[in-house]
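Values quoted throughout were computed directly from the atomic coordinates according to the rules given, and no laboratory measurement underlies them. Fair warning: this is a prediction, and the values are worked out from it, not measured in the lab. Methodologically, a virtual Cβ is constructed for each residue, glycine included, from the backbone with ideal geometry; neighbour enumeration extends over all protein chains shown.
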Amino acid sequence: MEARAVLKYARISPRKVKIVLDLIRNKPVGYAMGVIKNTPKAASEYLEKLLKSAVANAQNNHDMDVDKLYVAECYASQGPTLKRIQPHAQGRAFKILKRTSHITLVLKEKE
């Protein structure tokens with residue numbers, strides 16, 4: 001039995017999200033929430049909301065015990081990239097890539 005929460009098209013690079021995901025992988029939910037709240041990264045805001053959603057899914061949809069939950073899987077994959085152009089010297093154009101992520105959190109119950 002597993003509970004899953006997915007955030008698609010988050011306007012943050014997957015590389016930045018993976019740094020925080022590595023801190024919470026295979027950790028209990030309470031510990032993971034503490035780590036996310038005390039990590040000064042931009043991805044923490046997205047992940048806090050996503051973790052709360054995953055816990056609510058586990059509790060309401062699957063009748064799982066919140067005290068036994070842990071982060072079984074968490075990963076961020078590349079979403080579509082928004083391409084923008086910034087003018088540079090001598091009429092040249094400089095390409096700006098605004099990356100997006102699809103973030104997935106999977107919670108399971110410890111036996």
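Overview of results
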{"item": "For the chain, calculated [θ]222 nm from helices alone, where every DSSP H run of n ≥ 4 adds -39500 (n - 2.57)", "result": "-11500 deg cm²/dmol"}
{"item": "Debye intensity ratio in log₁₀ form over the Cα atoms of the stretch 13-59, taken at each q of 0.31, 0.34 Å⁻¹", "result": "-1.27, -1.38"}
{"item": "Derived scalar couplings ³J(HN,Hα) [the stretch 56-72; Karplus, 6.51 cos²θ - 1.76 cosθ + 1.60; whole Hz; x for Gly, Pro]", "result": "5, 4, 4, 6, 8, 8, 10, 6, 8, 7, 5, 5, 9, 6, 9, 7, 7"}
{"item": "Subset of K41/K110; K52/K83; K16/K49; K49/K108; K8/K52; K8/K110 violating a 23 Å alpha-carbon distance limit", "result": "K41/K110; K52/K83; K8/K110"}
{"item": "By average C-beta atoms within 10 angstrom, highest first, the peptides 4-13, 77-86", "result": "4-13, 77-86"}
{"item": "For the stretch 63-109 and the stretch 1-38, distance of Cα centres in Å", "result": "11"}
{"item": "From phi via Karplus (6.51, -1.76, 1.60), per-residue ³J(HN,Hα) for the stretch 27-35 in Hz, x at Gly/Pro", "result": "10, x, 4, x, 5, 4, 5, x, 5"}
